[in-house]
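Step one of this worksheet: look at the structure below.
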């Protein structure tokens, strides 16, 4: 496949990775908005982007790199997992494995 097509379809050297993040907030947690703001700040300080959302039942995000053609790494996953596990207002944090953000099935 030509380089132009590999780039267009995010294949081979142009593959972009991401991972899923799921968590719940304690039922008595009144500051769910403040918790989400802290989560977004944490994501942005690692130069990542998160898309998704949630409600009282739980939150579900997909995290990718914020800069084009930059890579999300296992180190990024571990830093976020450590941060989520250390926050007392978060229940059942789950960090998924790295997957192809464009072509995973």
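Of note:
- The chain - percent relative contact order, Cα under 8 Å, separation 6 or more: 42
- Modelled FRET efficiency - R0 41 Å, residue 2 with residue 66, Cβ distances, 0.05 increments: 0.90
- If the chain linking residue 94 and residue 9 were pulled fully straight, counting 0.36 nm for each residue of separation and taking away their Cα-Cα distance, it would gain 27.7 nm.
- Paired Rg and Dmax values of segment 1-89, which use every Cα atom, in angstrom: 15.6, 55
- The chain: angle of helix 32-45 to the longest principal axis, Cα-based, in degrees nearest 10: 40
- A convex hull fitted around the alpha carbon atoms of segment 38-105 yields 100 Å³ per residue.
- The chain, helix-only ellipticity at 222 nm - DSSP H runs n ≥ 4, -39,500 (n - 2.57), divided by all residues, nearest 500: -9500 deg cm²/dmol
- In plain terms, the residue of 8, 24, 2 with the fewest other Cβ atoms within 10 Å comes first and the most crowded comes last, giving 2, 8, 24.
- Cβ-derived FRET efficiency at R0 25 Å, residue 34 paired with residue 102, nearest 0.05: 0.15
- Using alpha-carbon coordinates, inclination of helix 74-86 to the longest axis of the chain, degrees: 10
Bear in mind these aren't lab numbers, they're just calculated from the coordinates by the rules spelled out. This one's a predicted model, so the numbers in the text were calculated from it and none came from an experiment. Ideal geometry is used to build each Cβ from the backbone, glycine not excepted, and the neighbour counts take in all protein chains shown.
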